[in-house]
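Let me begin by presenting the structure, written as structure tokens, before commenting on it.
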Amino acid sequence: MYSLVHKVENAHEDSIWTCAWGCPKRKKDTLPENEDSRDSMRSNEEEIAEYLVTGSVDDSVKVWEQRDKSLHLKHKLTGHALGVVSVAVSSDGAKCASSSLDSSLKLWNLEDGELISSIGVGPVEIWTVVFSPDDKFIVSGSHAGKIHLYGTESGKQEQSLDTRGGKFTLSVACSPDGKYIASGAIDGIINIFDVTYGKVLRTLEGHAMPIRSLCFSPDSQLLLTASDDGHMKLYDVKDATVVGTMSGHGSWVLGVAFSPDGQNFVSASSDTTVKVWEVAKRQCLHTFREHTDQVWAVKYHAEKNHMIASVSEDKSINLYECPK
């Protein structure tokens with residue numbers, strides 16, 4: 001059953017442009033040897049808070065605690081000055097990164113809401129931010145077309161990847177296996193970088209309009225792209241071929257995300273809808289129509305294939321449930 005299970009109206013004072021899930025992890029070395037104790041630990045783990053982080057044109061980042069399919073505001077993080085365009089959560093669920101049109105990148109502690117560091121990125125607009133799989137770097141695309149890697153510990157730029165004269169980079173993604181970084185530009189060009197050598201490995205030209213969002217499949221074999229041309233494409237990362245083109249939205253596709261098991265993906269569009277797709281058959285399984293304005297971002301829960309969150313120009317956050 002596909003259903004809207006929770007909605008937060010007026011979650012921010014202005015349009016919500018970005019969202020990310022966070023699931024704090026227990027360290028493996030703290031697990032007890034005793035089986036009964038482990039069962040007890042598992043029941044306690046279920047009580048560990050899960051977070052949804054949202055960023056808005058109102059300059060704030062909000063951390064929402066998700067319990068029993070509902071969201072409760074935990075922190076409101078302030079300090080940005082020109083709208084928050086991207087947020088990302090580290091794989092251990094402990095930290096959040098946010099970027100703004102004020103040319104700043106901030107790193108936050110999700111548990112207490114404290115600012116860990118504010119990274120100066122110079123006089124350039126910084127758009128999408130993501131954590132590297134090992135959480136050592138925050139990767140961002142910039143107005144200048146470069147891909148920058150900032151150290152989460154050092155708080156400084158540690159590497160820069162050149163898109164070979166590329167245009168404004170709107171979207172970036174890291175492959176889960178840590179081998180690749182993909183970037184999507186305003187001119188529709190997609191670059192895949194080899195992280196080891198810091199060079200462009202592939203250039204993909206399947207779209208002719210801005211790439212608003214892209215992401216790798218959980219097994220790092222596929223790259224999914226979303227564009228203002230209304231289409232989504234699946235590329236085989238190894239040989240850079242298009243293995244699927246999906247259409248169905250009536251306008252720009254603004255966000256895409258894979259489910260944790262890689263069997264489905266979800267898309268968000270300025271046509272106000274959220275669609276769930278089956279990867280194998282490249283077909284739409286369901287369309288959610290619960291937003292009243294363009295949907296800027298959509299994300300699957302980091303660990304649950306049946307839970308999705310979306311955020312919109314209408315200032316609301318929606319939580320959906322899909323068949324298990």
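Structure above, values below:
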item: Among (1) among the polar types (S, T, N, Q); (2) surrounded by fewer than 20 Cβ atoms within 10 Å (Cβ to Cβ); (3) under 18 Å from the mean Cα position of the chain (by Cα), the one test that Ser154 misses; result: (3)
item: Residues satisfying the stated conditions in segment 236-253, i.e. farther than 20 Å from Val298 by Cβ and among the hydroxyl-bearing types (Ser, Thr, Tyr); result: Thr241
item: Verdict on Asp112 being under 16 Å from the mean Cα position of the chain (by Cα) and surrounded by fewer than 16 Cβ atoms within 10 Å (Cβ to Cβ); result: no
item: Residues of segment 241-254 classified as in a loop (DSSP other than H, G, I, E, B) and hydroxyl-bearing (Ser, Thr, Tyr), total; result: 2
item: Any hit, segment 116-127, residues being closer than 20 Å to Lys95 by Cβ and touching a residue at least 60 places away in the same chain (Cβ under 8 Å); result: no
item: Subset of segment 248-272 (residues that are closer than 15 Å to Ala208 by Cα and surrounded by fewer than 18 Cβ atoms within 10 Å (Cβ to Cβ)); result: Ser251
item: For Gly206: the one exception among (1) modelled with pLDDT of 95 or more; (2) within 23 Å of Ser183 (Cα to Cα); (3) surrounded by fewer than 24 Cβ atoms within 10 Å (Cβ to Cβ); result: (1)
item: Failed item, numbered, when His231 is tested on (1) in contact with a Phe, Trp or Tyr (Cβ under 9 Å, 6 or more places away or on another chain); (2) without any contact (Cβ under 8 Å) to a residue 40 or more places away in the chain; (3) not β-branched (Val, Ile, Thr); result: (1)
item: Members of segment 89-111 found to be in contact with a strand residue (DSSP E or B) (Cβ under 8 Å, 6 or more places away or on another chain) and either assigned to a loop (DSSP other than H, G, I, E, B) or polar (S, T, N, Q) (or both), listed by number; result: Ser90, Ser91, Gly93, Ala94, Ser98, Ser99, Ser100, Leu101, Ser103, Ser104, Asn109, Leu110
item: Candidates Lys281, Lys238, Lys275 - the one that is out of contact with any Leu (no Cβ under 6 Å at 6 or more places or on another chain) and part of a strand (DSSP E or B); result: Lys275
item: Members of segment 203-235 that are farther than 18 Å from Lys299 by Cβ and either in a strand (DSSP E or B) or basic (Lys, Arg) (or both); result: Thr203, Leu204, Ser227, Lys233, Leu234, Tyr235
item: Ala257 small (Gly, Ala, Ser), outside any loop (DSSP other than H, G, I, E, B), under 18 Å from the mean Cα position of the chain (by Cα) and closer than 26 Å to Trp127 by Cβ; result: yes
item: Top-ranked residue of segment 286-297 - restricted to ones that are assigned to a strand (DSSP E or B) and without any contact (Cβ under 8 Å) to a residue 60 or more places away in the chain, ranked as surrounded by the fewest Cβ atoms within 10 Å (Cβ to Cβ); result: Thr287
item: Options His80, His75; residue that is without any contact (Cβ under 8 Å) to a residue 60 or more places away in the chain, in a loop (DSSP other than H, G, I, E, B) and more than 23 Å from Ser160 (Cα to Cα); result: His80
item: Residue list for segment 15-74, restricted to those being of a type in the set (Val, Ile, Thr) and either in contact with a strand residue (DSSP E or B) (Cβ under 6 Å, 6 or more places away or on another chain) or at pLDDT below 50 (or both); result: Ile16, Thr18, Thr30, Val53, Thr54, Val61, Val63
item: Residues satisfying the stated conditions in segment 158-168, i.e. at pLDDT below 90 and at negative phi; result: Asp162, Thr163, Gly166, Lys167, Phe168
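Quick grid of which residues meet (1) over 15 Å from the mean Cα position of the chain (by Cα); (2) farther than 14 Å from Ala97 by Cα; (3) of a type in the set (A, V, I, L, M, F, W, C):
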| site | (1), (2), (3) |
| --- | --- |
| Gly122 | yes, yes, no |
| Ile138 | no, no, yes |
| His143 | yes, yes, no |
| Tyr150 | yes, no, no |
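The values are calculated or read from the model by the stated rules, or taken from the named source; none is laboratory data. What you see is a predicted model, and the numbers here were worked out from it, not measured in a lab. Note that we place each Cβ from the backbone using ideal geometry, even for glycine, and neighbour counts take in every protein chain shown.
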